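Let me begin by presenting the structure, written as structure tokens, before commenting on it.
The values are calculated or read from the model by the stated rules, or taken from the named source; none is laboratory data. Since the model is a prediction, treat every value here as computed from it, not as a measurement. A quick note on method: Cβ atoms are made from the backbone with ideal geometry, for glycine too, and the neighbour counts reach across all protein chains shown. With ligands, DNA and RNA removed, areas are computed over all heavy atoms of the protein, side chains included. Shrake-Rupley method; radii C 1.70, N 1.55, O 1.52, S 1.80 Å.
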Amino acid sequence: VMNRTYYQWSDALCKWLTENGFVYRDDDENVVVMGARFMPEFQLHLGLFDGDTKTCLDFVKATASEKGVTLHCLFPSHLSEIESILVEYGFDKEAAPFIVKERKY
């Protein structure tokens with residue numbers, strides 16, 4: 001889910017994310033996918049990450065600080081451990097629940 005839109009994982013999506021600067025990787029193979037399709041001057045959306053949680057979230061937090069934008073998080077309501085980790089890192093919880101629908105063609 002990126003900016004509240006579900007995208008089916010595909011080669012085309014990976015190519016688009018990479019070509020548009022949404023994918024970051026360090027020498028230790030930590031990977032972060034983040035950005036904003038709309039209004040990037042206001043928010044930075046973390047789509048996913050893989051690797052060391054602290055390293056990835058520190059990078060996201062530093063990038064948001066450099067850009068002067070806020071961090072927002074959406075997560076399944078039953079995963080309170082994710083909520084705790086993200087809020088600790090400075091993410092703002094959204095004020096209302098969101099329903100994300102998937103549509104397959």
Practice task
Identify all residues within the stretch 7-45 that are hydroxyl-bearing (Ser, Thr, Tyr) and part of a strand (DSSP E or B); write none if there are none.
Solution key: Tyr24
Practice task
State whether one or more residues within the stretch 24-33 are in contact with a helix residue (DSSP H, G or I) (Cβ under 7 Å, 6 or more places away or on another chain), free of Cβ contacts under 8 Å to residues at least 40 places away in the same chain, surrounded by fewer than 16 Cβ atoms within 10 Å (Cβ to Cβ) and closer than 21 Å to Glu94 by Cβ.
Solution key: no
Completion exercise
Inside the stretch 60-69, the number of residues satisfying the requirement of being open to solvent by less than 60 Å² (accessible area, probe 1.4 Å) and either within 14 Å of Phe22 (Cβ to Cβ) or assigned to a helix (DSSP H, G or I) (or both) is 4
Exercise for the section: Can you run down the residue pairs with Cβ atoms below 7 Å, 6 or more apart or on separate chains, where the first is in the stretch 52-75 and of a type in the set (Asp, Glu) and the partner is at pLDDT 90 or above and crowded, with 17+ Cβ neighbours inside 10 Å? Expected result: Asp52/Asn30
Handout entry: Tally, over the stretch 38-59, of residues that are within 21 Å of Tyr7 (Cα to Cα) and open to solvent by less than 60 Å² (accessible area, probe 1.4 Å)
Key = 4
Exercise for the section: Would you point out the residue of the stretch 70-99, among those that are at pLDDT below 80, in a loop (DSSP other than H, G, I, E, B) and touching a Leu at 6+ places or on another chain (Cβ under 8 Å), that is farthest from Leu46 (Cα to Cα)? Expected result: Phe98
